[in-house]
Amino acid sequence: MTPLNSPRWYLIQTKPRQEARAEEHLCRQNFECYRPLRTQPTSKAQSKHVEPLFPGYLFIRLDRDQDNWYPIRSTRGVSRVVSFGGQPLPVQDELIDQLRQRIAAPAASAATPAFQPGERVHVTGGGFQDLEAIFVATDGEQRSIILLNLLQRQQRVRVPNHYLQCFA
């Protein structure tokens, strides 16, 4: 547990899509910031896109009594310090440590299906159990988009990855 008189983490709300700008300008003012980023695969072959884990927010480490909070509000990209009842509420150091560990850990390879777009798959669970489908793409880490023939039309459907098997 962090003592009350030492620097603590606080949450900053940024202007839309200006997390990087806010972080850069706060760091120039010698504030310690943390903006958790995650790597997302894109639809292009083997390319990845880095995006904020919490769009519109970043963390800043401040000493409630020693640091000057006034320049934060007028910093480019910053909208406000998140407050409750007019008082900024500190974030536990343990939460920041957990976020850092989680982002640093490699993603579980079991969550990503080994299917290629256009490949035939068999749905093994859910409302579409025992149907044949065409794999389209992954949708995040735990779901995929498939094409199903429903009512004489092909429909795009999102299903959990663990419902899909190679068609035999």
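At a glance:
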item: Qualifying residue in region 67-74 (condition: farther than 30 Å from PRO16 by Cα and either surrounded by 12 or more Cβ atoms within 10 Å (Cβ to Cβ) or outside the structural domain of GLN29 (by TED's automatic domain parsing) (or both)); result: no
item: Candidate set from region 107-125 (those that are modelled with pLDDT under 85 and farther than 17 Å from PRO52 by Cα); member that is surrounded by the most Cβ atoms within 10 Å (Cβ to Cβ); result: PRO113
item: Whichever residue in region 81-91 is surrounded by fewer than 17 Cβ atoms within 10 Å (Cβ to Cβ) and in a strand (DSSP E or B) and, among such residues, is nearest to the chain's Cα centre (by Cα); result: SER83
item: Flag for GLN92 being in contact (Cβ under 8 Å) with a residue 40 or more places away in the chain and in the same structural domain as PHE31 (by TED's automatic domain parsing); result: yes
item: Qualifying positions in region 130-147 - closer than 10 Å to ARG120 by Cβ and of a type in the set (Asp, Glu); result: GLU132
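Residues checked against (1) touching a residue at least 40 places away in the same chain (Cβ under 8 Å); (2) touching a Lys or Arg at 6+ places or on another chain (Cβ under 6 Å); (3) of a type outside the set (Asp, Glu); (4) not in a helix (DSSP H, G or I):
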{"residue": "PRO55", "(1), (2), (3), (4)": "no, no, yes, yes"}
{"residue": "ARG76", "(1), (2), (3), (4)": "yes, yes, yes, yes"}
{"residue": "ILE96", "(1), (2), (3), (4)": "yes, no, yes, no"}
{"residue": "ASP130", "(1), (2), (3), (4)": "no, no, no, yes"}
{"residue": "PHE135", "(1), (2), (3), (4)": "no, no, yes, yes"}
{"residue": "VAL157", "(1), (2), (3), (4)": "no, no, yes, yes"}
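Residues are listed down the side, and each one gets a yes or a no for (1) assigned to a strand (DSSP E or B); (2) of a type in the set (Gly, Ala, Ser):
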{"site": "HIS25", "(1), (2)": "no, no"}
{"site": "ASN30", "(1), (2)": "no, no"}
{"site": "GLU51", "(1), (2)": "yes, no"}
{"site": "ARG61", "(1), (2)": "yes, no"}
{"site": "PRO71", "(1), (2)": "no, no"}
{"site": "SER79", "(1), (2)": "yes, yes"}
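The values are calculated or read from the model by the stated rules, or taken from the named source; none is laboratory data. From a predicted model like this one, the values you see are computed outputs, not experimental measurements. Heads up, the Cβs are rebuilt from the backbone with ideal geometry, glycines too, and the neighbour counts pull from every protein chain shown.
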